[in-house]
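Enquirer: Below are the structure tokens for one structure; questions will follow.
The values are calculated or read from the model by the stated rules, or taken from the named source; none is laboratory data. None of the values given here were measured: they were computed from a predicted structure. Here the Cβ positions follow ideal geometry from the backbone for every residue, glycine too, while neighbour counts run over all protein chains shown.
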Amino acid sequence: MLLSAPVMAQRWADSLDKYRRTSPQLAAPALAHLLERSDLPDTIRFDMLTTIVVDYGQLGQPESALTTAKEAYQLAELLKDDSRLTKAALSMAWTLRDFGRLDEVLEKTLEAERLSKKTGDTRMQIYAANTLASVYYDLGEDSLQTKHLEQACALTRDHQIVGAAISAMSNLGYIYLNQKRYREALNLFFKVIAFERQQAALDFRNLDFTYNHILDVYEILEQYDSCQLYLDTLIMGVKQVGWKDKVVLYQNLKNYYAGLAGKSVDPEPWLTQLNQIDPTGYGVDVHKEVLWEQGRLNNWFGNYKAAIAYQQKYHALMDSLNNADLRKKIAFYKERFDANERER
């Protein structure tokens, strides 16, 4: 017996929800297979495309993520759906950021910001503000970064959409950390973790991000036992989602903090495994993190030649993300979008 269209649509939606709760290693190939079907409703196809973009990003497949994000954007244009176009624009922005193409990131984010205000979608306004803050973080524009993060957090008065602001709260906490407002920073980080643990589908990617910020605070405060405690939680979490390189990184950090606490530490075999990680296949945030830690940890454990090589790679990457030509391009796009806004 043929099933009715509403029943089929609900079954597709249930399948998508299942894969959203599954690890990227399992979800990505399964969703890619489903996307080959010709009987998928366009709305479900769009939702699957934007979901698999995130999975590809987590798997260190930026080219696949960008191709899929572009496909989602084109589908949203065909559907003439401003809400989906907003989501697709932000999806493209985040994948483009992994390539350091910040001028295009800003272009898509400003488009998403305009559309979200047009549709009154507060959730997407939060995501847009958080993405803009990430661009200004890459450019070292602290005041603009803080402005957009505070704007995102101010939009969380509606408790139903607080989940959309989790990254913004975590990022704002990091700004407070840099401003030496440690108590305020920790309060925000613990608030983020509490909100994350209340979500129906717990997203350890955000928890991983926030726990790293907590490590930063306790390291500055020289509370190294607390650092090791939270690293135990991180190691358990990344093992559950199959992030093998993160397990290696965090085992090295645990040795590092144990050494800072005055304990005797043998860096092997974890240091050798750390040096075997190639971060170039990851998105820009993980790429930066791995290079930074490879330099810092090799230096701490006395492997100075390797430390210098990693530090040089790290600074070369940072220079590629922040150059004068790029700033000119970003200024051009900002002026163009400001002009469009005035015309509206």
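Enquirer: Could you check N275 against (1) closer than 21 Å to W94 by Cα; (2) over 19 Å from the mean Cα position of the chain (by Cα); (3) at pLDDT 85 or above and say which number it fails?
Expert: Against the list (1) closer than 21 Å to W94 by Cα; (2) over 19 Å from the mean Cα position of the chain (by Cα); (3) at pLDDT 85 or above, N275 comes up short only on (1).
Enquirer: Also, quick follow-up: Among (1) within 15 Å of the chain's Cα centre (by Cα); (2) at pLDDT below 85; (3) polar (S, T, N, Q), there is one condition Q160 misses while meeting the rest; what is its number?
Expert: Looking at each condition in turn, Q160 falls short on (1).
Enquirer: May I pose another question? If you check L40 against the conditions, is it at pLDDT 75 or above and under 25 Å from the mean Cα position of the chain (by Cα)?
Expert: No, not satisfied.
Enquirer: Sticking with this structure for a sec: Does Y218 satisfy the criteria of being of a type outside the set (D, E, K, R) and over 26 Å from Q312 (Cβ atoms)?
Expert: Here the answer is yes, as Y218 does meet what is asked.
Enquirer: Can you name the residue in segment 46-70 that is surrounded by 18 or more Cβ atoms within 10 Å (Cβ to Cβ) and of a type in the set (D, E, K, R) and is also farthest from R11 (Cα to Cα) among such residues?
Expert: D55
Enquirer: Another one. Residue under question is Y250, and the condition is that it be outside the structural domain of G60 (by TED's automatic domain parsing), under 30 Å from L106 (Cβ atoms) and crowded, with 17+ Cβ neighbours inside 10 Å; does it hold?
Expert: Taking the combined requirement at face value, the residue does not satisfy it.
Enquirer: Looking at T51, T67, T86, T95, which is the one that is among the hydroxyl-bearing types (S, T, Y) and modelled with pLDDT under 90?
Expert: On the way: T67 fails: modelled with pLDDT under 90; T86 fails: modelled with pLDDT under 90; T95 fails: modelled with pLDDT under 90.
On inspection, the qualifying residue turns out to be T51.
Enquirer: Hey, among the residues in segment 116-140 that are in contact with an Asp or Glu (Cβ under 7 Å, 6 or more places away or on another chain) and surrounded by fewer than 22 Cβ atoms within 10 Å (Cβ to Cβ), which one's nearest to L317 (Cα to Cα)?
Expert: Filtering first and then ranking leaves T122.
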